[in-house]
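Comments concern the structure below.
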Amino acid sequence: MSAPSDTQRMEKIVSLCKRRGFIFQSSEIYGGLNGAWDYGPLGVELKRNLKNYWWQVTVHQRDDVVGMDGSILTHPAVLKASGHVEGFSDPMIDCRTCKAHLRADQLIEKKGVKQCPNCGGKDLTAPRQFNLMFETHVGAATDESSIAYLRPETAQSIFVQFKNVLEVSRKKLPFGIAQIGKAFRNEINPRNFTFRSREFEQMELEYFCRPEQGMELLEYWKAERLTFYENIGIPRSKLHVLTVPDEERAFYSKGTYDIEYDFPFGRQELEGVAYRTDYDLSQHQKASGKSLEYFDEETKQRFAPHVVEPSAGVDRIVLALICEAYSEDQAPDEKGKMETRVVLRFHPRIAPIKCGVFPLLKNNPQLVAKAKEVVGLLRPQMTVFYDESGAIGRRYRRQDEIGTSFGITVDFETLGEKDPALRDTVTLRDRDSMKQERVAIQDLPAILRERLA
Ligand code: ATP
């Protein structure tokens with residue numbers, strides 16, 4: 001059973017994303033480009049923190065994975081060999097009443113009759129296959145010979161460069177090649193905010209192995225990926241592992257898991273973990289006539305390695321992080337009256353801004369100078385937001401709403417005016433518990449580093 005959808009919650013999230021600069025509709029002032037999104041100042045930080053953490057644990061912290069960054073423009077031969085030109089399509093149905101283009105699985109059924117989900121119309125065309133790839137032309141000619149595609153996944157450049165990367169990295173099986181980058185799919189019906197977009201980013205790992213290791217490594221990577229999600233603040237209880245049934249799995253895959261998350265609009269896929277056998281390397285080897293084999297020095301055997309692929313969508317995870325973080329609670333306003341507080345409870349690891357620094361009063365030069373000194377101390381190590389305008393409670397609220405992990409206030413005690421023992425101390429406020437403690441400025445970097453790790 002999937003979780004019930006929560007339209008109101010989703011509306012609040014979408015509105016917060018725009019209001020505070022996480023996500024804007026692309027080309028908004030011209031009416032918007034459907035299925036494309038722009039990330040604002042906070043969205044870009046969140047996205048980078050996610051990608052950096054994935055890269056850190058997938059590439060930097062491992063001996064057996066190297067990275068690459070392939071081109072988006074893709075030679076048609078690559079996508080012919082991979083099967084995308086022929087088969088990367090969804091069945092599409094048109095509603096003759098409201099003219100909507102629909103994916104076949106989006107129709108609703110009432111009393112055994114299929115209907116358009118938009119207008120309820122029953123006059124529908126027969127399904128036809130619609131290829132999701134964006135085609136373009138390279139160079140001045142615009143004929144068959146100049147066709148290229150915007151890649152529909154990052155994986156294919158990894159397979160095509162397998163031999164080059166193997167040679168330069170001198171890795172032994174099992175080993176992986178990782179990539180983060182844009183992918184493009186001309187989705188029939190982009191929807192659910194950024195969840196289904198036409199331009200999006202993927203974080204993919206192709207982990208090559210011997211045939212007999214495939215099934216075991218599929219389990220291994222499923223477990224690794226679940227741990228990853230927990231480490232960025234998505235609780236295990238909100239994640240679900242779907243074993244893709246035989247009839248829905250790609251014919252070459254011996255096992256596929258979908259890792260799903262309970263979004264407010266329902267349970268949906270975040271990532272696929274698939275054991276793809278040697279299908280991709282063998283296909284490219286056949287089509288290109290170039291060897292993509294691995295030579296095993298111990299057994300003196302040559303073979304195309306098998307591969308296990310964890311393939312995650314950056315934008316979907318960013319959306320899941322925002323949905324998971326969004327909460328409302330009660331907090332006192334300046335006069336002590338309780339009010340609703342909107343707070344994004346991001347894990348400190350991925351929070352766009354790590355701490356806000358506030359002088360108690362903006363018209364006191366000593367307070368301002370001290371606060372700027374604190375900013376200077378912390379900025380080389382983390383993202384810091386300096387804010388001197390408005391009542392302190394309002395400044396806290398503004399930071400809570402964007403998920404800033406900590407607030408640091410410089411007050412008269414910092415200047416040593418009340419008690420010389422408190423000179424050069426500040427209050428450190430925790431976003432979630434709203435608890436405040438007094439800490440020495442010189443201890444701030446170490447305390448924050450520990451809590452942000
Ligand atoms: P779906 O069934 O939702 O269309 P898929 O199974 O086709 O997804 P894959 O080809 O396995 O997706 O791609 C791997 C990951 O890339 C997905 O788990 C998802 O996170 C991301 N992804 C795929 N399509 C889109 C899209 N249109 N918008 C945003 N992210 C996407």
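The values are calculated or read from the model by the stated rules, or taken from the named source; none is laboratory data. All figures in this text were calculated on a predicted structure; none of them were measured in a lab. Cβ coordinates were reconstructed from backbone atoms using ideal geometry, including for glycine residues, and neighbour counts include every protein chain displayed. In case anyone asks, the SASA skips ligands and DNA or RNA and just uses the protein heavy atoms, side chains included. Shrake-Rupley method; radii C 1.70, N 1.55, O 1.52, S 1.80 Å.
Per-structure values
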read-out	value
Separation in nanometres of the label points that stand 7 Å from Cα toward Cβ, at Thr340 and Ala77	6.0 nm
Distance (nanometres) between label positions extended 7 Å along Cα→Cβ at Cys119 and Glu269	3.1 nm
Relative contact order (%) - the chain, alpha-carbon pairs under 8 angstrom, separation at least six	13 percent
Mean projected area (nm²) of the alpha-carbon convex hull when the stretch 40-108 is viewed from all directions	9.4 nm²
Cα shape, the stretch 1-140, gyration tensor, a/c 1.5 rule	oblate
Share of carbon and sulfur in the accessible heavy-atom surface of the stretch 1-53 [1.4 Å probe, %]	51 percent
Approximate spin-label separation Tyr30-Tyr220, in nm, with each point projected 7 Å along Cα-to-Cβ	4.8 nm
For Val410, solvent-accessible area (1.4 Å; no DNA, RNA or ligand), Å²	0 Å²
The chain - mean residue ellipticity at 222 nm from DSSP helices (-39,500 (n - 2.57) per run, n ≥ 4, rounded to 500)	-8500 deg cm²/dmol
Sequence ranges 207-213, 67-73, 138-144, 174-180, ranked by mean other-Cβ count within 10 angstrom, highest first	174-180, 207-213, 67-73, 138-144
Of the trypsin sites (Lys or Arg not before Pro) in the stretch 51-115, those whose Cβ has at most 10 other Cβ within 10 Å and which sit in DSSP loop	Lys111
Trypsin sites (Lys or Arg not before Pro) lying in DSSP loop within the stretch 295-324, provided at most 14 other Cβ fall within 10 Å	Lys300
Cross-link partners of Lys418 among lysines (Cα-Cα below 17 Å; sequence separation of 8 or more within a chain)	Lys370
Cysteines not pairable in the chain (beta carbon separation under 4.7 Å absent)	Cys17, Cys209, Cys323, Cys355
Reachable aspartates and glutamates, given that their alpha-carbon falls under 13 Å from the alpha-carbon of Lys254 and they are not under 8 places away in the same chain	Glu212, Glu216, Glu219, Asp246, Asp278, Glu309
Length released on extending from Thr299 to Leu452, taking residue separation times 0.36 nm less the Cα-Cα span	50.4 nm
Cα centre as origin, Lys/Arg/Asp/Glu Cβ charges: the stretch 299-406 dipole, Debye	420 debye
